[in-house]
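*Asks:* What follows is a structure written as structure tokens; I'll ask about it next.
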Amino acid sequence: EIVDGNAKMTLGMIWTIILRFAIQDISVEETSAKEGLLLWCQRKTAPYKNVNVQNFHISWKDGLAFNALIHRHRPELIEYDKLRKDDPVTNLNNAFEVAEKYLDIPKMLDAEDIVNTARPDEKAIMTYVSSFYHAFSGAQKAETAANRICKVLAVNQENEHLMEDYEKLASDLLEWIKRTIPWLEDRSPQKTIQEMQQKLEDFRDYRRVHKPPKVQEKCQLEINFNTLQTKLRLSNRPAFMPSEGKMVSDINNGWQHLEQAEKGYEEWLLNEIRRLERLDHLAEKFRQKASIHEAWTEGKEAMLKQKDYETATLSDIKALIRKHEAFESDLAAHQDRVEQIAAIAQELNELDYYDSPSVNARCQKICDQWDVLGSLTHSRREALEKTEKQLETIDELHLEYAKRAAPFNNWMESAMEDLQDMFIVHTIEEIEGLIAAHDQFKSTLPDADKEREAILGIQREAQRIADFNSIKLSGNNPYTSVTPQIINSKWERVQQLVPKRDHALLDEQSKQQSNEHLRRQFASQANIVGPWIQTKME
């Protein structure tokens with residue numbers, strides 16, 4: 001029939017071939033062939049205005065549907081917004097030319113035939129439209145394949161990125177853990193509570209600021225690892241094996257070590273702060289007690305070293321002894337404070353106080369000074385008691401001196417009065433009586449001189465005791481105003497008056513002897529003259 005030129009049969013065969021190989025295999029949403037192709041056209045042209053594909057004849061007369069199909073898949077080839085519904089020839093020619101030039105779809109239709117026909121040939125339009133379907137479907141399949149390849153590549157790249165991110169994140173996290181653990185394990189005590197408070201504040205910053213992001217990084221790391229392994233498994237790829245030492249288990253072990261160090265560090269910080277608070281309290285207590293003690297001891301050494309007892313009287317020395325006894329009581333009361341100071345210093349040493357050297361030096365100085373004060377106190381008591389005994393001895397000597405000096409002084413004054421007393425005698429017997437009395441007085445002078453020496457010896461003994469013990473006697477004998485100088489002065493005066501009295505008595509004796517001689521002469525003459533006178537008178 002083909003050879004015979006039977007056009008109808010030939011066209012029928014051609015249509016059958018077109019239908020079988022170009023249209024029949026079209027399938028869109030469970031519809032196939034003509035219905036599938038129509039549905040595909042409707043889906044593709046739905047967004048375009050003035051396009052409403054309901055069939056394969058009049059719906060294509062204005063040419064907008066052809067342009068819409070091209071624009072939907074290749075928008076750069078058609079300026080759809082410039083097309084006009086009332087210019088179908090231009091629209092059709094534009095679509096045919098673009099399809100032939102850019103899409104390799106032969107020009108199967110003529111624009112004028114379509115426009116001038118009331119009902120365009122359905123099979124011709126269906127055949128031409130199927131070319132669009134296959135052109136765009138093939139491109140779509142190629143694009144899909146390319147997309148799949150790109151997707152595979154993207155997945156692989158993403159997996160590579162996840163592996164790199166895991167490695168980097170694991171390295172950074174392990175490095176941070178490695179850097180942080182020594183800091184948390186550092187138990188170097190600080191000197192002051194302020195420094196430890198700063199450490200505690202740093203630890204709290206670590207807890208609040210530095211650790212939370214690392215916790216998130218750790219969680220994200222585990223999520224990324226699990227996600228990566230899942231993706232590799234779904235892609236039939238080998239499981240990801242991190243570098244040595246960067247496994248999730250390695251990170252978990254490092255993190256567990258970090259947590260243990262962190263817990264121990266916090267406990268140590270709190271204990272160390274409590275220890276420093278205790279140390280600060282003890283150190284402040286030590287300073288207060290030491291300051292009080294040092295203020296109390298100020299001037300005490302000088303007071304104990306003074307030798308005021310050397311110029312004191314017996315009453316003064318007794319007052320000084322009572323004052324010293326009061327000081328000894330005060331000293332004994334302060335013994336407890338010194339022991340407390342020493343105990344606190346020892347405790348500060350045991351607790352490893354940072355400023356222990358200065359505390360020990362101050363404590364040692366206080367203890368040394370305390371020993372010196374104790375020694376000086378004992379020495380002063382001995383000196384006061386010794387001086388008291390010496391002053392009592394001197395006082396007894398002064399009293400004895402006074403008891404003996406007073407009568408001796410009275411005796412010398414009486415003697416001086418007697419030696420200077422004017423005498424009037426008329427007879428030799430009277431002067432001889434005075435001489436005898438004076439001789440008797442002179443015979444007592446050696447004993448008187450011995451008494452004088454004994455009295456002066458008492459004074460010398462008192463002075464010797466004072467000089468030997470460096471006691472500076474203040475003033476004269478409190479029991480008498482008769483000084484050794486007065487006694488010596490009066491004794492010298494007596495010594496001077498005795499020879500004068502001797503001369504006076506001897507002169508008077510001589511006068512009385514002369515007078516006695518004259519009286520005797522007168523008496524003898526009276527014995528001669530008297531009878532003569534009597535005779536004459538008779």
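The values are calculated or read from the model by the stated rules, or taken from the named source; none is laboratory data. Predicted model only: the values in this text are computed from it and were never measured. Here the Cβ positions follow ideal geometry from the backbone for every residue, glycine too, while neighbour counts run over all protein chains shown. Note: accessible area is taken over every heavy atom of the protein model, side chains too, but ligands, DNA and RNA are not part of it. Shrake-Rupley method; radii C 1.70, N 1.55, O 1.52, S 1.80 Å.
*Asks:* Rounded, prolate or oblate: which one fits region 282-386, using the alpha carbon gyration tensor with axes a ≥ b ≥ c (rounded when a/c is under 1.5, else prolate when a/b beats b/c, else oblate)?
*Replies:* Cα axes put region 282-386 in the prolate bin.
*Asks:* Shifting gears a bit: If each residue of separation counts as 0.36 nm, what is the full-extension length gain between residue 50 and residue 152 once their alpha-carbon separation is subtracted?
*Replies:* Values: separation 102, 0.36 × 102 = 36.72 nm, distance 4.07 nm.
So the extension gain works out to 32.7 nm.
*Asks:* Another one. Residue 134 versus residue 342, label points 7 Å from Cα toward the beta carbon: distance in nm?
*Replies:* With each label placed 7 Å out from Cα toward Cβ, I get 11.8 nm.
*Asks:* Given +1 on the Cβ of Lys and Arg, -1 on the Cβ of Asp and Glu, and no further charges, what dipole in debye does region 8-120 carry about its Cα centre, rounded to the nearest 20? Spell out each step's value before the answer.
*Replies:* Details: 15 positive and 16 negative charges, 40 e Å.
Approximately 200 debye in magnitude.
*Asks:* What is the dipole size for region 156-278, taken about its Cα centre, with +1 at each Lys and Arg Cβ and -1 at each Asp and Glu Cβ, in debye to the nearest 20? Intermediate results must be reported in sequence, preceding the final value.
*Replies:* Values: 20 positive and 23 negative charges, 65 e Å.
With only Lys, Arg, Asp and Glu charged at Cβ, the dipole is about 320 debye.
*Asks:* Using the alpha-carbon atoms, what tilt in degrees (0 to 90, nearest 10) does helix 211-234 show relative to the longest principal axis of the chain?
*Replies:* Value to nearest ten degrees: 30.
*Asks:* Before I look further, what does the chain give for accessible area per residue, probe 1.4 Å, in whole square angstrom?
*Replies:* Details: 32230 Å² over 538 residues.
Solvent-accessible surface per residue comes out at 60 Å².
*Asks:* Step through the residues of region 370-376 one at a time and calculate ³J(HN,Hα) from phi using the Karplus curve (6.51 cos²θ - 1.76 cosθ + 1.60, θ = phi - 60°), rounding each to whole Hz and writing x for Gly and Pro.
*Replies:* Computed from phi, the couplings for region 370-376 are 5, 4, 4, 4, x, 5, 5 Hz.
*Asks:* If we count every other residue with Cβ under 10 angstrom of residue 438's Cβ, Lys/Arg +1 and Asp/Glu -1, where does the sum land?
*Replies:* Neighbourhood net charge equals -1.
*Asks:* Also, I was wondering about something else. For residue 284, put the label point 7 Å out on the Cα→Cβ axis and report which residues of region 187-201 keep their amide N under 17 Å from it.
*Replies:* So the set is 192-197.
*Asks:* Which net charge results when you count Lys and Arg as +1 and Asp and Glu as -1 among the other residues whose beta-carbon is under 14 Å from that of residue 468?
*Replies:* Surrounding charge for residue 468 is +2.
*Asks:* When the helix-only estimate is applied to the chain (DSSP H runs of n ≥ 4, each -39,500 (n - 2.57), divided by the residue count), what is the mean residue ellipticity at 222 nm, nearest 500 deg cm²/dmol?
*Replies:* -27500 deg cm²/dmol
*Asks:* In addition: Through the Karplus equation 6.51 cos²θ - 1.76 cosθ + 1.60, θ set to phi - 60°, convert the phi angles of region 486-501 into ³J(HN,Hα) values in whole Hz; use x for Gly and Pro.
*Replies:* Karplus values, whole Hz, x for Gly and Pro: 5, 4, 5, 4, 5, 5, 4, 5, 4, 4, 6, 6, 4, x, 4, 5.
*Asks:* With axes computed from alpha carbons, what is the tilt in degrees of helix 33-45 against the longest principal axis of the chain, rounded to the nearest 10 within 0 to 90?
*Replies:* 50 degrees
*Asks:* By a straight-distance test (C-alpha under 18 Å), which lysines pair with residue 285 as possible cross-link partners, with residues fewer than eight away in the same chain excluded?
*Replies:* Correct list for residue 285: 191, 365.
*Asks:* Along the positive direction of the dipole of region 156-278 (beta-carbon charges: Lys, Arg +1; Asp, Glu -1; about the Cα centre), which of 163, 220, 260 reaches farthest?
*Replies:* Selected residue: 260.
*Asks:* I would also like to ask the following. Could you derive backbone 3J(HN,Hα) for region 153-158 from the dihedral phi with the Karplus parameters 6.51, -1.76 and 1.60 (θ = phi - 60°), listing whole Hz in sequence and x where the residue is Gly or Pro?
*Replies:* 4, 4, 4, 4, 5, 4
*Asks:* On to the next question. Does anyone have the angle between helix 248-297 and the longest principal axis of the chain? Alpha-carbon axes, 0 to 90°, nearest 10?
*Replies:* Taking the Cα atoms of the chain, the angle to 248-297 is about 20 degrees.
*Asks:* So, one more: Along the charge dipole of the chain, which of 271, 150, 513 sits closest to the positive end, that is, farthest toward it, with unit charges on the beta carbon of Lys, Arg, Asp and Glu (+1, +1, -1, -1)?
*Replies:* The listed residue farthest towards the positive side: 150.
*Asks:* Roughly how many percent of the accessible protein surface of the chain is carbon and sulfur, given a 1.4 Å probe and a whole-percent answer? Intermediate values should be presented prior to the final figure.
*Replies:* Details: 16810 of 32230 Å².
Here it works out to 52 percent.
*Asks:* Sticking with this one: Using a Förster distance of 45 angstrom, determine the FRET efficiency expected from the C-beta separation of residue 430 and residue 470, and round it to 0.05.
*Replies:* That pair, residue 430 with residue 470, gives E of 0.15.
*Asks:* In debye, nearest 20, what is the charge dipole magnitude of the chain about its Cα centre with +1 on Lys and Arg Cβ and -1 on Asp and Glu Cβ, if you could check? Spell out each step's value before the answer.
*Replies:* Values: 71 positive and 90 negative charges, 419 e Å.
So the dipole magnitude of the chain works out to roughly 2020 debye.
*Asks:* Kindly state, to the nearest 0.05, the FRET efficiency for residue 333 paired with residue 273, given R0 = 30 Å and r defined as their beta-carbon distance.
*Replies:* 0.25
*Asks:* Also: Give the cross-link partners of residue 307 among the aspartates and glutamates, using a straight C-alpha distance below 17 Å as the criterion and excluding same-chain residues fewer than 8 apart.
*Replies:* Answer for residue 307, where 17 Å is the Cα cut-off: 316, 325, 382, 385, 388, 467, listed by chain and number.
*Asks:* Tell me which label goes with the value of volume of the Cα convex hull per residue in Å³ computed from the coordinates here: (1) 467; (2) 318; (3) 233.
*Replies:* (2)
*Asks:* Report, ordered by chain and residue number, the lysines lying within cross-link reach of residue 211, taken as a straight Cα distance under 25 Å and ignoring same-chain residues fewer than 8 apart.
*Replies:* 168, 178, 199, 246, 263
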